[in-house]
Amino acid sequence: MSAASTPRSTSGTITQAGAPSKVRARSRRRTMPAPVQRGLLWLSVAAIVVFCLFPIYWIVNTSLKSGAQLSSGALWPDDPTLRNYRSVLQDGDFLLALRNSAIVATTTTVLSILVGSFAAYALARLRFPRKTLLLGIVLSISTFPVIAIAAPLFKLWSDLGIYDARFGLGLIIPNLVFSLPLTIFILTSFFREIPRELEEAALVDGATRMQTFTKVVFPLAAPGLVTAALLVFFFAWNEFLFAITLTSTPEARTVPAAIAFFTGSVKFEAPIGTISAASVIVMVPLVVLVLVFQKRIVAGLTAGAVKG
């Protein structure tokens, strides 16, 4: 091949035939300036935040309306009032429902953490056959449709005499059935990330298995425990199907069931405003818990996501 047929650059090196096209492709990919990319990113984030928070804002907006304003679609009431909140807080049945929800959610959370932590620790540390299969079976319980056992539970609770039990105590066991698998799954993954050497060192120093678990493992698992506890609390606080099936009086109903039967305390007026006010009041404890424990929640949910 002659020298004239070989493409060369001005410096004497051989050029690649496809180089100009690759350079043009890279230049086309880099046409969008970095400030524009950041602007589009923040615009997307703002759109997602508005999409998620707008329903909450609309509930708060509706709770501040009364009378003819309730039928208007204004983004802010012309004459905001707290009358709906005063009306709801003066309703004795709603206050009973708040008490029952607090009892049911707190009891369910405590029992789930106590029982679930021991079961999760055993699944994470002990060696026995078909351990993974057992964990899968436990987790599959949480995916079981609740409506499928609502009617049998109604009959069973009626025969046992715990249907419509005071303080909503008849709701604790059904809530545990679906909250325990989730607790065990979260804590099992978290316990596996705790180094075994820490437990072995405590055992060498003379600690018992129980002392090792309570004084070494339990404190290190705090983010996972907080995450599991909050998820269980939210589930029990918001649970509706069991609450509507296994209760029938204000002395036993929890908040979701009470709101479903809420007719408002203002006569000759649609209960939209009072229902919205009640929803805001019910939402406040959950928001406060998330804000207080947000760092623990993030640490617990991301535990084990990165190896090494």
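Each reported figure results from applying straightforward, stated rules to the coordinates on display, with no laboratory input. Model, not experiment: these values are computed from the prediction. Cβ coordinates were reconstructed from backbone atoms using ideal geometry, including for glycine residues, and neighbour counts include every protein chain displayed.
Annotations
- Phi angles across the stretch 116-133 convert, under the Karplus curve 6.51 cos²θ - 1.76 cosθ + 1.60 with θ = phi - 60°, into 3J(HN,Hα) values of x, 5, 5, 5, 5, 5, 5, 5, 7, 10, 7, 10, 8, x, 6, 5, 5, 5 Hz, Gly and Pro given as x.
- In this label model, ALA207 and SER140 are separated by 3.7 nm, measuring between points 7 Å along each Cα→Cβ vector.
- Taking label positions 7 Å along the Cα-Cβ direction at both LEU95 and VAL177, the computed distance is 3.4 nm, reported to one decimal.
- Across the stretch 150-156, coupling constants 3J(HN,Hα) worked out from phi with the 6.51/-1.76/1.60 Karplus curve, θ = phi - 60°, read 5, 5, x, 5, 4, 5, 5 Hz, and Gly and Pro carry x.
- The stretch 92-301: C-alpha gyration tensor shape, a/c 1.5 cut-off, then a/b vs b/c: prolate
- Available extension along the chain between ALA260 and SER71 is 66.0 nm, counting 0.36 nm per residue and deducting the alpha carbon span.
- Amide N proximity, the stretch 203-238 versus ILE147 label position 7 Å along Cα-to-Cβ, cut-off under 13 Å: none
- Hz values of 3J(HN,Hα) by residue in the stretch 289-295 - Karplus curve (6.51, -1.76, 1.60), Gly and Pro given as x: 4, 5, 5, 6, 10, 4, 5
- From least to most packed, judged by other beta carbons within 10 angstrom and beginning with the fewest, LEU133, LEU176, LEU286 follow the order LEU133, LEU286, LEU176.
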